[in-house]
Amino acid sequence: MKFSDYIIDFIYPPRCCICGELIGYASKMTMCEKCRDSISYIDKDIDYSATLKNKFNIEIYFDCGEAVFRYSDVKSAIERFKYFGERNIGKSFAYLMYEHWKNNDKLKYADYLVSVPLNKARLKERGYNQAEYLANEFSKLTRIKHVHGAIKRIRDTKPQNLLDAKERVENVKNAFAVVNESIKGKTVLIIDDIFTTGSTINECAAALKKQGAAKVMFLTFSAAGNNLGSDKNV
Ligand SMILES: [Zn+2]
């Protein structure tokens, strides 16, 4: 650890990214022991395409993917990250995503990272795109290139968290386009903070495939919704 890091830790003591408790100086940990003990990873065998496929009969464009934690376990941390200006805890989120997948073969196959774009009004209001921030941090840890702005919003959409599952599907239908040539024939990993119905990620995957991506995977910090059998309102 560099001396300057000790100084930074002294001025801004490290805190658990989930509950905000102090976790001690020079700590490499991102979560306190209590959170580590009480929060578990989501089962690996979840079928993330279930809601879209079975309930809405939607064609699935992503090939595989995973979320790290249940949204209900990390809800307040995500709210601090997205709505209360605690941008820095996104670094810890990215680290936990990396920790979860660092030995996973999927990471070896990913050529590029991309992030879900935020609509202009919300970008202005929030000042940054949380998905892009996570992808940047994830890119530093994995050394997989993050292709900035690869996915564009081609029309305005309503905030997904105000809509039910059916409305979410309609809201983002054909809302994205990819204009980047470099993803042709590549395996692309979409990074986002929350997976709910999967409609946003599926539409992004559709746009990536349309542009010639060979394979599309996703990794999100959390997941909620019917796929997990609970956590409806995100
Ligand atoms: Zn904690």
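Going through the stretch 25-34 one residue at a time, which ones are surrounded by 11 or more Cβ atoms within 10 Å (Cβ to Cβ) and within 16 Å of the ligand (Cβ to nearest atom)? Give the derivation first.
Here is the first cut: in the stretch 25-34, the residues surrounded by 11 or more Cβ atoms within 10 Å (Cβ to Cβ) are 25, 27, 29-34.
Result: S27, M29, T30, M31, C32, E33, K34.
Could you say which residue among Y95, Y109 is of a type in the set (S, T, Y) and more than 29 Å from R126 (Cα to Cα)?
After applying the criteria, what remains is Y109.
Residues being at pLDDT 95 or above and buried (at least 19 other Cβ atoms within 10 Å of the Cβ): count how many of those fall in the stretch 54-65.
3
For the stretch 35-49, enumerate the residues that are in a helix (DSSP H, G or I) and either away from the ligand (no atom under 14 Å from the Cβ) or surrounded by 12 or more Cβ atoms within 10 Å (Cβ to Cβ) (or both).
Filtering the stretch 35-49 for residues in a helix (DSSP H, G or I) gives 35-38.
C35, R36, S38, listed by residue number.
The values are calculated or read from the model by the stated rules, or taken from the named source; none is laboratory data. Being a predicted model, the structure only gives us computed values, none of them experimental. Note: ideal-geometry Cβ built from the backbone for every residue, glycine included; neighbour counts use all protein chains shown.
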